[in-house]
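Input: a single structure, listed below in structure tokens.
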Amino acid sequence: MVAEAVSVRTAIPVHVCAADPLTRAGIVSQLRTGHGFAVSSGDTPAQDSVALVVADEVTDSAAAEVRSLRARGVGRVILLVSRVNDAGLLAAAEAGVSGVIRRTEATAYNLAAAIRSAAAGEGTLPPDLLGRLLRQVGQLQRQVLSPRGLTFSGLTERETAVLRLLAEGYGTADIARQLFYSERTVKNIIHDVTSRLELRNRAHAVAYAIREGLI
């Protein structure tokens, strides 16, 4: 009789950031009562951990904490806040959070679910905050980006069109004919993209656009 292999689920590393030591201790204790988490005890998070940042609201310092964690290799950050307005919600999204939880809704179950979602590459946002965020994004597109001919990728529509044709193997002259531009215009567009995004050459620009899902 051959015994079946038993799969062992690795504990999810979690790092808690809170200015108030009592708050941090309470959250750490709450997380450690469950199963499947390895809560760090030091100040340096593991690169594959899920960071939980506790703040009253999404201030500049809270957003800076999120960006700092991401710069140190922590790709998944959850904000646990007492309150959040529209500006703070957009700031949190811009900083790259994986989820936002209100402290009034931070039960052990909700915290665990949000951490597991973040570890799986998913996001967590209360339905009302999601609606507010979508309105903010739409307003940003209509009032700021569209009047300047930009999209959320940071590229204009014609820049995207040129990169797409470059990716298909077309040369400058062919792109100019297809898009009804002069060759000089096409060259200027490519130069603008490579300079602005600090890319080495056309091939690098195409690789960047494909990697980022822009084309």
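The values are calculated or read from the model by the stated rules, or taken from the named source; none is laboratory data. What you see is a predicted model, and the numbers here were worked out from it, not measured in a lab. A quick note on method: Cβ atoms are made from the backbone with ideal geometry, for glycine too, and the neighbour counts reach across all protein chains shown.
Restricting attention to the range 153-210, the residues being more than 23 Å from the chain's Cα centre (by Cα) and more than 25 Å from Glu94 (Cβ to Cβ) number 35.
Across the range 205-215, what is the total count of residues that are at pLDDT 75 or above and either within 19 Å of Lys187 (Cα to Cα) or not in a helix (DSSP H, G or I) (or both)?
Taking the range 205-215 first, the residues at pLDDT 75 or above are 205-210.
Those left that are additionally either within 19 Å of Lys187 (Cα to Cα) or not in a helix (DSSP H, G or I) (or both): 205-209.
Residues flagged as at pLDDT 75 or above and either within 19 Å of Lys187 (Cα to Cα) or not in a helix (DSSP H, G or I) (or both) within the range 205-215 amount to 5.
Starting from residues that are surrounded by 14 or more Cβ atoms within 10 Å (Cβ to Cβ) and closer than 18 Å to Ser40 by Cα, keep the ones in the range 73-84 and report whichever is modelled with the lowest pLDDT.
Kept after step one, since they are surrounded by 14 or more Cβ atoms within 10 Å (Cβ to Cβ), are these residues of the range 73-84: 74-81, 84.
With closer than 18 Å to Ser40 by Cα added as a condition, the list becomes 74-80.
Values: Val74: 86, Gly75: 78, Arg76: 90, Val77: 91, Ile78: 93, Leu79: 91, Leu80: 92.
This residue is Gly75.
Taking the criterion of being surrounded by fewer than 19 Cβ atoms within 10 Å (Cβ to Cβ) and touching a Pro at 6+ places or on another chain (Cβ under 9 Å), would at least one residue in the range 55-70 satisfy it? Checked against the condition, which is being surrounded by fewer than 19 Cβ atoms within 10 Å (Cβ to Cβ) and touching a Pro at 6+ places or on another chain (Cβ under 9 Å), the range 55-70 yields no hits at all.
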